Ligand code: NAP
């Protein structure tokens, strides 16, 4: 009998920018796994039909990206407590023939912070810019890991307030909301940008924060990874703060998805190298 490969994919709309295929294919190659991984551009109205086809074709797992991270939840058999708390799924795996939805974004962020900076978030004061999907996953993981206090800043205050209320249902740490342009009176240990401000394209020159707030006692983190060094990270480095870019989160959330599928951690450095090479090719 032919030895057919196992099927994996990322579904999103658009999906052409996704680095997941190159990262996972590099990991498969490196471990000699007979599997293929591709990207499917799926319009929202086709999500149900595509998910059903993937079940019929016995996909072993897949990743989910914008705009399907919430909508996919209704099409699964079960979701992990993390995915339910966050209200979004980025990884689907199969267990006992059931499709399970998980979210590895927050843990991926934490892993990259630990691996790249050896930074322990326990007892720390954290300020986060943005109140969207990425902020939700990261905030949930940080609170679970035992941060002392969290301040959420967002352009639209109502979204920050809503996120704070949702998080407070599951966590006991101090969670506060701040208007854009204001900051806490205490020293912050970790400042994270989860908005697209600084991203390649029209927001590239902007900063999510006045630079006079930055200081050398902070870790400054930006989850934007195109470009790898954002204006925020450049400004933070100038005042002597330790900096942390978004590529690590991207790679680690992918590595954790791989773990859900195979029960072993992939070679993270191989995945990172593949992502870097793909970004390099984009630039030339
Ligand atoms: P999202 O759900 O759309 O949330 C975007 C957030 O950014 C919202 O809070 C929004 O504020 C804010 N925002 C958008 N444009 C802004 C602007 N011009 N000025 C100030 N605030 C602005 O998006 P997301 O999924 O959280 O993703 C956010 C960013 O993170 C994207 O750049 C994405 O590429 C990046 N990301 C990186 C990784 C990684 O692995 N490194 C993973 C996920 C996401 P309002 O509520 O006021 O609109």
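Where residues in region 117-140 are under 18 Å from the mean Cα position of the chain (by Cα) and assigned to a strand (DSSP E or B), which of them is nearest to residue 154 (Cα to Cα)?
Within region 117-140, the match that is nearest to residue 154 (Cα to Cα) is 129.
Sort out which residues of region 77-110 are more than 15 Å from the chain's Cα centre (by Cα) and surrounded by fewer than 18 Cβ atoms within 10 Å (Cβ to Cβ), and write them in order of number.
Correct list: 77, 78, 80, 81, 84, 94, 95, 96, 97, 98.
Can you give me the ranges of the helices (runs of 4 or more DSSP H) entirely in region 219-284 with at least 1 residues that are under 21 Å from residue 9 (Cβ atoms)? It would help to see each step written out before you state the result.
Values: elements: 231-238, 247-262, 268-283.
Those helices (runs of 4 or more DSSP H) span 247-262, 268-283.
Looking at (1) more than 27 Å from residue 262 (Cβ to Cβ); (2) within 11 Å of the ligand (Cβ to nearest atom); (3) in contact (Cβ under 8 Å) with a residue 60 or more places away in the chain, which is the only condition residue 66 fails?
Only one criterion in (1) more than 27 Å from residue 262 (Cβ to Cβ); (2) within 11 Å of the ligand (Cβ to nearest atom); (3) in contact (Cβ under 8 Å) with a residue 60 or more places away in the chain is unmet by residue 66, namely (1).
Scan region 236-246 for residues that are over 17 Å from residue 206 (Cα atoms) and free of Cβ contacts under 8 Å to residues at least 60 places away in the same chain and jot them down.
Hits for region 236-246 are 239, 240, 241, 243.
For the subset of region 245-276 comprising residues that are away from the ligand (no atom under 13 Å from the Cβ) and closer than 13 Å to residue 20 by Cβ, which member is nearest to the chain's Cα centre (by Cα)?
If we filter region 245-276 for residues that are away from the ligand (no atom under 13 Å from the Cβ), which is where we start, we get 258-270, 273-274, 276.
From the residues that got through so far, the ones that are closer than 13 Å to residue 20 by Cβ too are 258, 261, 266, 274.
Working: 258: 14, 261: 18, 266: 18, 274: 18 Å.
My answer is 258.
In region 82-93, what count of residues is obtained for those that are touching a strand residue (DSSP E or B) at 6+ places or on another chain (Cβ under 7 Å) and in contact (Cβ under 8 Å) with a residue 60 or more places away in the chain? Spell out how you get there, then give the answer.
Going residue by residue through region 82-93, those that are touching a strand residue (DSSP E or B) at 6+ places or on another chain (Cβ under 7 Å) are 82-83, 89-93.
Filter again for in contact (Cβ under 8 Å) with a residue 60 or more places away in the chain, leaving 90-91, 93.
Qualifying residue count for the region: 3.
Among the residues of region 202-244, what is the count of those that are over 22 Å from residue 183 (Cβ atoms) and within 10 Å of the ligand (Cβ to nearest atom)? Full working, then the answer.
Of region 202-244, the ones over 22 Å from residue 183 (Cβ atoms) are 202, 204, 225-229.
Narrowing the set further to residues that are within 10 Å of the ligand (Cβ to nearest atom) leaves 202, 225-226.
Of the residues in that region, 3 qualify.
Looking at 179, 185, can you tell me which residue is over 30 Å from residue 55 (Cβ atoms), surrounded by fewer than 16 Cβ atoms within 10 Å (Cβ to Cβ) and within 12 Å of the ligand (Cβ to nearest atom)? Walk me through how you get there before you give the answer.
On the way: 185 fails: within 12 Å of the ligand (Cβ to nearest atom).
Checking each option against the conditions leaves just 179.
Which of the residues that make up region 3-49 are part of a strand (DSSP E or B) and either surrounded by fewer than 16 Cβ atoms within 10 Å (Cβ to Cβ) or without any contact (Cβ under 8 Å) to a residue 12 or more places away in the chain (or both)?
Residues of region 3-49 that are part of a strand (DSSP E or B), as a first pass: 6-12, 35-41.
Hits for region 3-49 are 36, 38, 40, 41.
Mind checking whether some residue in region 195-204 is closer than 16 Å to residue 152 by Cα and either in the same structural domain as residue 33 (by TED's automatic domain parsing) or outside any loop (DSSP other than H, G, I, E, B) (or both)?
Checked region 195-204: no residue is closer than 16 Å to residue 152 by Cα and either in the same structural domain as residue 33 (by TED's automatic domain parsing) or outside any loop (DSSP other than H, G, I, E, B) (or both).
Being more than 15 Å from the ligand (Cβ to nearest atom), closer than 20 Å to residue 234 by Cα and either touching a residue at least 24 places away in the same chain (Cβ under 8 Å) or loosely packed, with under 14 Cβ neighbours inside 10 Å (or both): is that true of residue 190 here? Quick ask: steps written out before the conclusion?
Values: more than 15 Å from the ligand (Cβ to nearest atom): yes; closer than 20 Å to residue 234 by Cα: yes; either touching a residue at least 24 places away in the same chain (Cβ under 8 Å) or loosely packed, with under 14 Cβ neighbours inside 10 Å (or both): yes.
Yes; evaluated as a whole, the condition is true for this residue.
Collect the residues in region 101-125 that are more than 16 Å from the ligand (Cβ to nearest atom) and in contact (Cβ under 8 Å) with a residue 60 or more places away in the chain, keeping them in residue-number order. It would help to see each step written out before you state the result.
First pass over region 101-125, keeping only residues more than 16 Å from the ligand (Cβ to nearest atom): 101, 118-125.
Passing the criteria: 119, 121, 124, 125.
The values are calculated or read from the model by the stated rules, or taken from the named source; none is laboratory data. Owing to the predicted nature of the structure, the values given are computational and were not obtained by experimental measurement. Reconstructed Cβ throughout: ideal geometry from the backbone, glycine too, with neighbour counts over all protein chains shown.
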